[in-house]
């Protein structure tokens with residue numbers, strides 16, 4: 001399930017790390033399906049990668065903000 005950036009920003013760091021872990025596992029499984037030719041919706045792979053990037057951006061912003069405080 002894709003989440004909007006606004007919804008992701010409301011999550012705690014622990015929830016974001018957990019979501020990122022789940023997405024990376026799913027991306028791995030989707031890549032295996034892609035290589036075997038059984039991937040039905042290639043767009044899911046792209047949206048998951050995009051969500052991981054959004055999560056990592058949010059975590060980096062929070063880390064920078066904490067370092068400055």
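Values quoted throughout were computed directly from the atomic coordinates according to the rules given, and no laboratory measurement underlies them. Just so it is clear, the structure is predicted and the values come from calculations on it, not from any experiment. As a convention, Cβ positions derive from the backbone with ideal geometry for all residues, glycine included, and neighbour counts pool all protein chains shown.
Any idea how far apart residue 60 and residue 35 come out in nm if each label point goes 7 Å out from Cα toward Cβ?
Inter-label distance under the simple model: 2.7 nm.
Using just the helices of the chain, give the 222 nm mean residue ellipticity in deg cm²/dmol: DSSP H runs with n ≥ 4 each add -39,500 (n - 2.57), and the total is spread over all residues, rounded to 500.
The helix contribution divided over the chain gives -27500 deg cm²/dmol.
So for the chain, averaging the separation of alpha carbon pairs under 8 Å that are six or more residues apart and normalising by length, what relative contact order in percent results?
Here the relative contact order equals 44 percent.
Per-residue counts of other Cβ atoms within 10 Å, averaged by peptide: what ranking do you get for 3-14, 44-55, highest first?
Result, highest mean Cβ count within 10 Å first: 44-55, 3-14.
Just to confirm the number: angle between the C-alpha axis of helix 42-68 and the first principal axis of the chain, 0 to 90 degrees, nearest 10?
Approximately 20 degrees, to the nearest 10.
Could you give the angle, 0 to 90 degrees to the nearest 10, between helix 13-36's Cα long axis and the longest principal axis of the Cα atoms of the chain?
The angle comes out near 20 degrees.
Separation between the residue 47 and residue 9 pseudo-spin-labels, each 7 Å from Cα along Cα→Cβ, expressed in nm?
Roughly 2.2 nm, to one decimal.
Along the principal axes of its C-alpha atoms, what lengths does the stretch 5-68 span, in descending order and rounded to whole Å?
For the stretch 5-68, the Cα extents along the three principal axes come out at 47, 17, 16 Å.
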